[in-house]
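First comes the structure, then the notes that go with it.
The values are calculated or read from the model by the stated rules, or taken from the named source; none is laboratory data. Values in this document were obtained by computation on a predicted structure and should not be read as measured data. Cβ sites come from the backbone with ideal geometry, for glycine too, and all protein chains shown count toward neighbours. Surface accessibility is based on the protein's heavy atoms, side chains included, excluding ligands, DNA and RNA. Shrake-Rupley method; radii C 1.70, N 1.55, O 1.52, S 1.80 Å.
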Amino acid sequence: MTTATTAPAAPLALASEFPPATEAQWRAAVDAVLKGKPFDKALVNRTADGIAIQPLYPRKADAAALAGRAPGLPWTVSQRADHPDPGQANAQALEDLGGGASGLVLVMRGAIGDRRGDATVVDGLADLDALLAGVMLDLIPVRVDAGTSAGHVAAMIAAKAERDGIDPKSLAVAFGIDPIGAFARRGTLEDWSGAAAKAADAVLGLRARGFAGTQLVADGRVIHDAGGSEAQELAYVLGAAVQYWRMLEAAGLPLAEAARAISVVFAADADQFLSTARMRAMRRLWARLEQACGLEPAHLDLHAETAWRMVTKIDPAVNWLRTTTAVFAAGVGGADHVVVEPWTAAIGLPDAFARRVARNTQLILIEESNLHRVADPAAGAGGMEALTDELCRRAWALFQEWEKAGGIVAALSAGAVQAAVAKVCAERAAAIAKRRDPLTGASEFPNVHEAVPEVLHVPKRETRRGAAPVDLPAAGRGERFEAQVKAFAGGAIRSALSRAKTDTIFVEPLRPIRLAEPFEALRGALDAVTAETGARPKVFLAVIGPVAAFTARATFARNLFEAGGFDAPIPAGFADIAAIRDAFAASGAAIACLCSSDELYASEAADVAEALKAAGARQLWLAGRPGDLEDGLKAAGVDGFVQAGGDVLAVLKAAHAAL
């Protein structure tokens, strides 16, 4: 115990007894283990942007913490309000807020966050009142995710605040107006000048009423959902932000105020390091953008949502792990607000239990793991700093490329953004098909006998149509917005304020995908067969020899075929070829796969193959690389070979075709 008269103990020099280790010594030890294998291929991975991930990095001694959330404060635990019925969405929201959520995201039909097409329908002020009944708007941050209806929802909120006597300055609402994001997702735009005029009019109208928070959003999810890379998501957000800055400056708003009118939304996925680095890179790039425009860097309101593309319908419990990793990455990366897609979201509308798990994932990381206590804990970590730096460089270069093309709207109109995203998405799909990027529960370690969790089954609520049209003035400095506020306050519904589409720009939309969809389609096809017949289609694993000879390849084959929805149990072993033939005939399977060691393949595989073909096998595979035996095995009836690095999806599609 240290007293006022006792000097503190000297720090322990734990490494002082050991000689200093150098990178050269480490590399020599690694090379000895690799035994001639190329270092870059064996130990260096690459991201979708081609960034090399080294196995070892030195500490970055001169690093400083990035400015993010206020030190020691937790991020907002946001929860989606997205039930199609506003009253039901309200009941869920109140339960969420009572259960620990500290913010809400209002997800409307047609929004970027409405991937299933069944989100909340808010046609007028009565619906908004039902959605927000009992919600103390002046106590929680709210983000609106409304797509093309964001301006209408903003006008409804303004009408509600005025009628209820709520001071707009007391509200922290991110209104989410995003015509660029809507264009990218839908693929159509009237023209940029018209869309910009309406968006600027709404921003000026909200600011004139004194609303705090942000009016516009640069939403990177549109890129991430479509399979794009980290640098592409960052570059798109920068491009959208700059386009909005120009729009507001042209409308008469000082640039410094224009910069404060925008928030940013990013997806956080199960790649912890890349997600954290992307959040950190965004703050660094935003500060660089402000400095380039002659502005003093200020706080960026950064929202994160767990990624849609990573969640799976099959073995959805693994989504708990994915979202936990994503929340960890977003929180450590400095996000101000985080929302978790419930673990059953890919299946349907999540129930109360799934929503509870979503918010508790965040609460545990805050209250029990204390992730929020340290500002930018990744600062100084060599690998994280290097990844952040490289993402900044590549994203800035891509942002400049799109700027040279005329800005992000011009780049979208020319299809340049879509082409870049499609290229990365195709490369990602190829890696998933070959399981270089494994999807636990979908492409790897599947469970064909899993129980499907419950979701809410509710009828899709349609928007109301046919209301008498309300004349609105042209977009200006808030006049159009004020007319909308007045109309909604008087009971108008959205269809009365909407007009027939006059789009003039039509491009390839950036549609949302989920990475597991190809495997889910195969599983779904055989799940349907199972439901109809009462028996799941089987692949017979023809194991040869003792357990030690066949276990590894039989496990590999079972993993592979069950990823396609087949049942492929591993037998205990067979006494001889006749026993293998008889077991296959009794199994009811149409497909078989030989599993054993190279030595036994050389001596017995051809005979077993001939016996299985004679017993009626429509398709016959062999687990492993055939080498010099390939021609003989094919002559004996082997149709193909399953091996690590092969195209698993191609094999499974061929197997399905044999049924």
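Taking each residue of region 611-632 that is over 17 Å from PHE574 (Cβ atoms) and part of a loop (DSSP other than H, G, I, E, B) and looking for partners that are β-branched (Val, Ile, Thr) and open to solvent by less than 50 Å² (accessible area, probe 1.4 Å) with beta-carbon atoms closer than 7 Å, six or more apart or interchain, yields ARG618/ILE591.
Annotation for region 347-368: at least one member residue is over 18 Å from ASN90 (Cα atoms), acidic (Asp, Glu), open to solvent by 10 Å² or more (accessible area, probe 1.4 Å) and not in a loop (DSSP other than H, G, I, E, B). Scanning for something touching a Lys or Arg at 6+ places or on another chain (Cβ under 7 Å) and open to solvent by 40 Å² or more (accessible area, probe 1.4 Å), does region 624-640 turn up at least one residue? Checking region 624-640: not a single residue is touching a Lys or Arg at 6+ places or on another chain (Cβ under 7 Å) and open to solvent by 40 Å² or more (accessible area, probe 1.4 Å). In a residue-by-residue description of region 383-393, the property of being within 30 Å of GLY68 (Cβ to Cβ) and assigned to a loop (DSSP other than H, G, I, E, B) applies to no position. Among the residues here, GLU162 does not qualify as over 27 Å from ARG260 (Cα atoms), assigned to a helix (DSSP H, G or I), modelled with pLDDT of 95 or more and out of contact with any Gly (no Cβ under 8 Å at 6 or more places or on another chain). Please go through region 563-587 and give me each residue that is open to solvent by less than 50 Å² (accessible area, probe 1.4 Å) and in a helix (DSSP H, G or I), ordered by number. If the condition is that a residue be open to solvent by less than 50 Å² (accessible area, probe 1.4 Å) and in a helix (DSSP H, G or I), then ALA578, ALA579, ILE580, ALA583, PHE584, SER587 are the ones that fit. Being open to solvent by less than 60 Å² (accessible area, probe 1.4 Å) and either farther than 26 Å from HIS83 by Cβ or touching a Phe, Trp or Tyr at 6+ places or on another chain (Cβ under 9 Å) (or both) holds for only one residue in ALA492, ALA500, ALA475, ALA468, and it is ALA475. Checking each residue in region 273-293 for being in contact (Cβ under 8 Å) with a residue 24 or more places away in the chain and open to solvent by 60 Å² or more (accessible area, probe 1.4 Å) picks out PHE273, ARG284, ARG288. Candidates in region 319-338 are the residues that are open to solvent by less than 10 Å² (accessible area, probe 1.4 Å) and of a type in the set (Val, Ile, Thr); of these, the one that is nearest to VAL452 (Cα to Cα) is THR323. Here ALA61 fits the description: part of a loop (DSSP other than H, G, I, E, B) and either surrounded by fewer than 24 Cβ atoms within 10 Å (Cβ to Cβ) or modelled with pLDDT of 95 or more (or both). In this entry, ALA590 is excluded by the filter for residues that are over 20 Å from ARG536 (Cα atoms), touching a Leu at 6+ places or on another chain (Cβ under 7 Å), open to solvent by less than 20 Å² (accessible area, probe 1.4 Å) and touching a residue at least 60 places away in the same chain (Cβ under 8 Å). When ALA270 is tested against (1) on the phi > 0 side of the Ramachandran plot; (2) surrounded by 20 or more Cβ atoms within 10 Å (Cβ to Cβ), exactly one condition is not met: (1).
Scanning region 437-466 for residues that are over 17 Å from MET156 (Cα atoms), assigned to a loop (DSSP other than H, G, I, E, B) and in contact with a strand residue (DSSP E or B) (Cβ under 7 Å, 6 or more places away or on another chain) returns PRO438, VAL448, VAL455, VAL458.
Within region 417-432, the set of residues being crowded, with 17+ Cβ neighbours inside 10 Å and closer than 18 Å to ARG394 by Cα comprises VAL417, GLN418, ALA420, VAL421, VAL424, CYS425.
Scan region 514-525 and give yes if some residue there is open to solvent by 60 Å² or more (accessible area, probe 1.4 Å), part of a loop (DSSP other than H, G, I, E, B) and not hydrophobic (A, V, I, L, M, F, W, C), otherwise no. Scanning region 514-525 turns up no residue that is open to solvent by 60 Å² or more (accessible area, probe 1.4 Å), part of a loop (DSSP other than H, G, I, E, B) and not hydrophobic (A, V, I, L, M, F, W, C).
Whenever a residue of region 49-69 is of a type in the set (Asp, Glu), its partners that are open to solvent by 40 Å² or more (accessible area, probe 1.4 Å) and not in a loop (DSSP other than H, G, I, E, B), lying with C-beta atoms within less than 7 angstrom and at least six residues away or across chains, give the pairs ASP49/ARG394.
Answer yes or no: is there a residue in region 98-118 that is assigned to a helix (DSSP H, G or I), at negative phi and surrounded by fewer than 24 Cβ atoms within 10 Å (Cβ to Cβ). Within region 98-118 (the criterion being assigned to a helix (DSSP H, G or I), at negative phi and surrounded by fewer than 24 Cβ atoms within 10 Å (Cβ to Cβ)), the answer is yes, since at least one residue qualifies.
Only one of the numbered conditions (1) open to solvent by less than 40 Å² (accessible area, probe 1.4 Å); (2) more than 18 Å from ALA346 (Cβ to Cβ) is violated by SER443, and that is (2).
Among the residues of region 194-225, those identified as open to solvent by 20 Å² or more (accessible area, probe 1.4 Å), at pLDDT 95 or above, over 17 Å from THR148 (Cβ atoms) and not in a loop (DSSP other than H, G, I, E, B) are ARG207, ALA208. If the condition is being within 11 Å of VAL339 (Cα to Cα) and in contact with a helix residue (DSSP H, G or I) (Cβ under 6 Å, 6 or more places away or on another chain), then region 86-103 contributes only ALA101.
A search for C-beta distances below 6 Å between a residue of region 350-375 that is modelled with pLDDT under 95 and any residue that is β-branched (Val, Ile, Thr), counting only pairs 6+ apart in sequence or on different chains, returns HIS372/ILE366. Annotation note: Cβ proximity below 6 Å between a residue of region 16-41 that is touching a residue at least 12 places away in the same chain (Cβ under 8 Å) and over 17 Å from GLN54 (Cβ atoms) and a residue that is among the small types (Gly, Ala, Ser) and loosely packed, with under 11 Cβ neighbours inside 10 Å (sequence gap 6+ or interchain) occurs for no pair.
Is there a residue being under 26 Å from the mean Cα position of the chain (by Cα), of a type outside the set (D, E, K, R), in a loop (DSSP other than H, G, I, E, B) and within 30 Å of ALA218 (Cβ to Cβ) anywhere in region 411-429? Yes, region 411-429 has at least one match. Among the listed residues ARG558, ARG553, which satisfies the condition of being at pLDDT 95 or above, open to solvent by 50 Å² or more (accessible area, probe 1.4 Å) and in contact with a Leu (Cβ under 7 Å, 6 or more places away or on another chain)? Every option except ARG558 fails the conditions. Which one is farthest from PRO512 (Cα to Cα), of the residues in region 328-346 that are part of a loop (DSSP other than H, G, I, E, B) and among the hydrophobic types (A, V, I, L, M, F, W, C)? Here the answer is ALA335. Residues of region 375-399 being farther than 23 Å from ALA411 by Cα, open to solvent by less than 20 Å² (accessible area, probe 1.4 Å) and not charged (D, E, K, R), which ones? Scanning region 375-399 gives ALA378, GLY380, GLY382, LEU387, THR388.
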